[in-house]
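The values are calculated or read from the model by the stated rules, or taken from the named source; none is laboratory data. Here the structure is a predicted model, which means the values were calculated and not measured. Cβ coordinates were reconstructed from backbone atoms using ideal geometry, including for glycine residues, and neighbour counts include every protein chain displayed.
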Amino acid sequence: MDGAEEAGYQTEKYILNEMNYSGCQGCNHCKTADECKIDDDLTGLLEDIREADAVVFGSPIYFFLFSGQFKLMEDRMYSFIDPGFNSRLAPGKKAVIVTSQGNPDLSAFEKAADDFAEVLKFLGFEVVDIIRMVNGGAPDAVLARRDLLEKARAAGRAL
Ligand SMILES: Cc1cc2nc3c(=O)[nH]c(=O)nc-3n(C[C@H](O)[C@H](O)[C@H](O)COP(=O)(O)O)c2cc1C
């Protein structure tokens with residue numbers, strides 16, 4: 001996000017773990033109206049994604065996948081899909097995906113981010129970078145990873 005700001009972007013950060021929200025209820029309201037019927041902490045986030053030129057999505061790997069907190073948010077992105085199953089999002093949005101895992105094998109859970117990248121492509125995003133951290137045991141472990149911090153800054157600058 002610092003890199004994106006250096007490139008002139010205005011940024012907004014959402015920490016899912018500090019927000020209160022529901023998962024998608026499958027009510028299909030969004031297939032007759034261009035909105036998610038649920039009004040909670042994700043409402044503003046979803047609106048910001050609609051308006052954003054670029055989005056950085058981040059999740060730890062929990063049991064081979066993205067976290068439950070992340071998946072609830074992802075399912076609410078169903079409201080970006082119209083009744084004909086096409087994306088309502090304006091084309092040209094860029095995305096960066098960031099993951100952290102305990103396993104030292106970088107390739108161990110590549111599929112989690114790769115699968116989410118496919119969702120983003122379906123929604124019309126161009127996924128420009130996937131940044132993966134291994135050995136991420138402690139919450140501040142990334143502070144010792146100058147290479148990853150620099151990679152993230154460069155990805156933000158290049159948006
Ligand atoms: C519930 C839970 C499940 C986890 N599952 C995995 C896993 O399947 N593979 C792995 O490599 N690390 C796993 N981890 C470790 C986290 O991915 C790792 O600590 C990560 O760096 C946490 O990122 P954060 O500090 O940004 O929250 C798990 C941790 C928790 C708490």
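F70: among the aromatic types (F, W, Y), buried (at least 17 other Cβ atoms within 10 Å of the Cβ), modelled with pLDDT of 95 or more and within 15 Å of the ligand (Cβ to nearest atom), yes or no?
yes
Quick one: in the stretch 103-123, of everything that is assigned to a loop (DSSP other than H, G, I, E, B) and surrounded by fewer than 16 Cβ atoms within 10 Å (Cβ to Cβ), which residue is nearest to the ligand (Cβ to nearest atom)?
In the first step, residues of the stretch 103-123 are kept if they are assigned to a loop (DSSP other than H, G, I, E, B); the result is 103-109, 123.
Filter once more, so that each one left must be surrounded by fewer than 16 Cβ atoms within 10 Å (Cβ to Cβ): 103-108.
Numbers: N103: 3, P104: 8, D105: 8, L106: 10, S107: 11, A108: 6 Å.
My answer is N103.
Given the residues I97, I81, I131, which is the only one that is farther than 30 Å from A33 by Cβ, of a type in the set (V, I, T) and at pLDDT 95 or above? Spell out the reasoning first.
Values: I97 fails: farther than 30 Å from A33 by Cβ; I81 fails: farther than 30 Å from A33 by Cβ.
None of the other options fit; the residue is I131.
Just one of (1) under 20 Å from K151 (Cβ atoms); (2) within 16 Å of the ligand (Cβ to nearest atom); (3) part of a helix (DSSP H, G or I) trips up E5, so point out which.
Among (1) under 20 Å from K151 (Cβ atoms); (2) within 16 Å of the ligand (Cβ to nearest atom); (3) part of a helix (DSSP H, G or I), the lone unmet condition for E5 is (2).
Just to be sure before I move on: is D82 under 26 Å from D40 (Cβ atoms), within 14 Å of the chain's Cα centre (by Cα) and more than 12 Å from the ligand (Cβ to nearest atom) in the structure I sent?
On the way: under 26 Å from D40 (Cβ atoms): yes; within 14 Å of the chain's Cα centre (by Cα): no; more than 12 Å from the ligand (Cβ to nearest atom): yes.
So D82 does not fit the description; no.
For the stretch 124-147, how many residues are part of a helix (DSSP H, G or I) and farther than 14 Å from G58 by Cα?
We begin by selecting, within the stretch 124-147, every residue part of a helix (DSSP H, G or I); these are 141-144, 146-147.
Keeping just the survivors that are farther than 14 Å from G58 by Cα gives 141, 143-144, 146-147.
Residues that pass the stated criteria total 5.
Determine whether the stretch 136-143 contains at least one residue that is buried (at least 17 other Cβ atoms within 10 Å of the Cβ), within 18 Å of V55 (Cα to Cα) and not aromatic (F, W, Y).
Checked the stretch 136-143: no residue is buried (at least 17 other Cβ atoms within 10 Å of the Cβ), within 18 Å of V55 (Cα to Cα) and not aromatic (F, W, Y).
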